[in-house]
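The values are calculated or read from the model by the stated rules, or taken from the named source; none is laboratory data. The structure presented is a predicted model; accordingly, all values stated were derived computationally and were not measured. Cβ atoms come from the backbone with ideal geometry, glycine included; neighbour counts cover every protein chain shown.
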Amino acid sequence: MYIHLGDNFVVPSKEVVMILDRQSSKASAIVAEFLEKQKDKMVQLANGEAKSIIITLDKIYFSPLSSSTLKKRAQIAFDIDQ
């Protein structure tokens, strides 16, 4: 299955490693350091402020959709795959 991340963009659900809330991630020094080291893998899907960060096996996406919305979509994809 696939998960729609916003801006007409989808990724295979099996490639998603983590979905983070953007506001919560700003408070974490570890997340900030990780993102700094992975700048070449970042893809901006949000035209304005991103609400969530989706980490996949090969890219990091900044999505305009909330992490709770993406979590629900990921759960649906997981349930269907099962």
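Which of the residues belonging to the range 54-69 are over 8 Å from the mean Cα position of the chain (by Cα) and closer than 14 Å to SER25 by Cβ?
Correct list: SER66 only.
Within the set of pairs 6+ apart or on separate chains, which have a first residue in the range 18-29 that is among the basic types (Lys, Arg), a second that is assigned to a loop (DSSP other than H, G, I, E, B), and C-beta atoms under 8 Å apart?
ARG22/GLU49; ARG22/ALA50; ARG22/LYS51
Can you tell me how many residues in the range 49-66 are under 17 Å from LYS14 (Cα atoms) and buried (at least 17 other Cβ atoms within 10 Å of the Cβ)?
6
Restricted to the range 1-10, and to residues that are in contact with a helix residue (DSSP H, G or I) (Cβ under 8 Å, 6 or more places away or on another chain) and among the aliphatic types (A, V, I, L, M), which residue is nearest to SER66 (Cα to Cα)?
Result: LEU5.
Please go through the range 27-43 and give me each residue that is exposed (fewer than 10 other Cβ atoms within 10 Å of the Cβ) and assigned to a helix (DSSP H, G or I), ordered by number.
ALA29, ILE30, GLU36, LYS37, LYS39, ASP40
Considering the range 11-49 alone, what residues qualify as being of a type in the set (S, T, N, Q) and more than 20 Å from SER66 (Cβ to Cβ)?
GLN38
Test of understanding: among ALA74, ALA46, which residue is part of a helix (DSSP H, G or I), surrounded by 15 or more Cβ atoms within 10 Å (Cβ to Cβ) and either aliphatic (A, V, I, L, M) or at pLDDT below 90 (or both)?
After applying the criteria, what remains is ALA74.
Residue under question is VAL17, and the condition is that it be in contact with a Ser or Thr (Cβ under 9 Å, 6 or more places away or on another chain), surrounded by fewer than 18 Cβ atoms within 10 Å (Cβ to Cβ) and under 17 Å from GLN75 (Cα atoms); does it hold?
It is true that VAL17 is in contact with a Ser or Thr (Cβ under 9 Å, 6 or more places away or on another chain), surrounded by fewer than 18 Cβ atoms within 10 Å (Cβ to Cβ) and under 17 Å from GLN75 (Cα atoms).
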